[in-house]
Amino acid sequence: MTPRRILVTGASGYLGRRVVRAAAGVGEVVGTVHRNVLDGVETVVVDLTDRASVHRIVKAIRPAAIIHTAAVNPGRGDEGTMWRVNVDGSRHVAEAARAVGARLVAVSTDVVHDGTAAPYPDDARPSPSTGYGRSKAEAERVMVEALASTTLVRTSLVYDLDEMDRGTAGFAARLAAGEEVGLFSDVVRQPIRAETLAEALVALVDVDHPGPLNVAGAEPMTREAFGRAMLAFWGIDDRGLVRSVRAAEVAPSTPRDLRLDCRLAEMLLDRRFPGVAEVLAEAERLSGASPPETPRA
Ligand SMILES: NC(=O)c1ccc[n+]([C@@H]2O[C@H](COP(=O)([O-])OP(=O)(O)OC[C@H]3O[C@@H](n4cnc5c(N)ncnc54)[C@H](OP(=O)(O)O)[C@@H]3O)[C@@H](O)[C@H]2O)c1
């Protein structure tokens, strides 16, 4: 039997690289890249904002499923680029998936919510308060419009233990330069290990769930607690430069409580999505080394 083809958009990204690894276990993987390269897997270069290219590539590859991770995240491009990639690009992917009869699992975010009505059920209507959140909420809408069966995976901050996540890397760079880093003590998220999320995305290919589905780590924690835990895990000396700050005072549009109810995804996938303390404790158990302290909020 020919293995089924799974197309992973954003294969060169932090999450996409882990999705490629997880998908390799269940099918023949092809990844899309844009500006970067990825070795060890078949890749095609495509700009998702180019509708004709997306259709041509998807038609040529004829995947059984597409796992759509590509996006422009906050700080990675101006609002126009973010909108073109996140909204137009996602529409192109969903239309192309429909054209070849491919299953589509797409990555969304907890930031489609404004943080005033947590914990959010899977089907909570988006209420974004940031430009990024608005682009991802519109991406959700256009994908479902193009292909009603699309699963929209709303997730939280993504990190892993074999490569520093972008947020922590940014904090580390500022600390190394002797700059202060302010971490929000009034913003609550449910960080998820990228490897866990990648495995869930691949498993969802075989689950019929149209529309939004929350997939996030089990432990709600403040952005400050998460930031400090990651800096400690990577052995970064905070040099007394990390400050506790309140988003309410310095960045009022930041959604503050983004807890997600993930019980349905746990049930559908028959697995748990461990929280940060549990992931770090398990890593410590496996390595036999002493763990960094996980600060509690
Ligand atoms: N990181 C988080 O904490 C977080 C939290 C919630 C949700 N998410 C969502 O998770 C997904 C993955 O995020 P990530 O952090 O892994 O992102 P990332 O590391 O920044 O990777 C983004 C990917 O998108 C690709 N891309 C960007 N512009 C493109 C374009 N015009 N055409 C084609 N591909 C393009 C990039 O390709 P090149 O590198 O080749 O240019 C890269 O592979 C996104 O949908 C994001 O919204 C992330």
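Working note: 222 nm ellipticity from helices only, DSSP H runs with n ≥ 4, each -39,500 (n - 2.57), summed and divided by the residues of the chain, gives -10500 deg cm²/dmol to the nearest 500.
On full extension, the segment bounded by SER287 and LEU264 gains 5.0 nm, given 0.36 nm per residue less the C-alpha separation.
Reported to the nearest whole Å, the Cα centre-to-centre distance from the stretch 92-135 to the stretch 1-66 is 20.
Near PRO212, once Lys and Arg are set to +1 and Asp and Glu to -1 for all other residues with Cβ below 13 Å from its Cβ, the sum equals -1.
Apply the a/c threshold of 1.5 to the C-alpha gyration tensor of the stretch 50-139 and tell me whether it is rounded, prolate or oblate. Verdict is oblate for the stretch 50-139. With a ≥ b ≥ c taken as the square roots of the eigenvalues of the C-alpha gyration tensor of the stretch 36-96, please select rounded if a/c is under 1.5 and otherwise prolate if a/b is larger than b/c or oblate if it is not? Oblate.
For the stretch 171-248, trypsin sites (Lys or Arg not before Pro) are listed when DSSP marks them as loop and at most 13 other Cβ atoms sit within 10 Å of their Cβ; the list is ARG239. Full extension of the chain between ARG272 and VAL250 gives 4.4 nm of extra length, using 0.36 nm per residue less the Cα-Cα distance.
Database remark: amide H of THR43 closer than 5 angstrom to the amide H of GLY31 (H placed geometrically; neighbours at sequence offset of 5 or more, or on other chains; Pro and chain starts carry no H). If the chain linking HIS55 and ALA218 were pulled fully straight, counting 0.36 nm for each residue of separation and taking away their Cα-Cα distance, it would gain 54.9 nm. Between ALA173 and ALA117, the modelled labels are 3.7 nm apart [label points 7 Å from Cα along Cα→Cβ].
Within the listed set THR130, THR196, THR150, the Gaussian network model of the chain (springs between alpha-carbon atoms below 10 Å) gives the highest mean-square fluctuation for THR130. What separates the Cα centres of the stretch 154-212 and the stretch 271-287 is a distance of 15 Å.
For the stretch 224-278, applying the loop criterion from DSSP together with a ceiling of 14 other beta carbons within 10 Å to the GluC sites (Glu not before Pro) yields no site. Per residue, the convex hull spanned by the alpha carbons of the chain comes to 134 Å³.
Values quoted throughout were computed directly from the atomic coordinates according to the rules given, and no laboratory measurement underlies them. This is a predicted model, so every value here is computed, not measured. Positions of Cβ are generated from backbone atoms using ideal geometry, with glycine treated the same way; all protein chains shown enter the neighbour counts.
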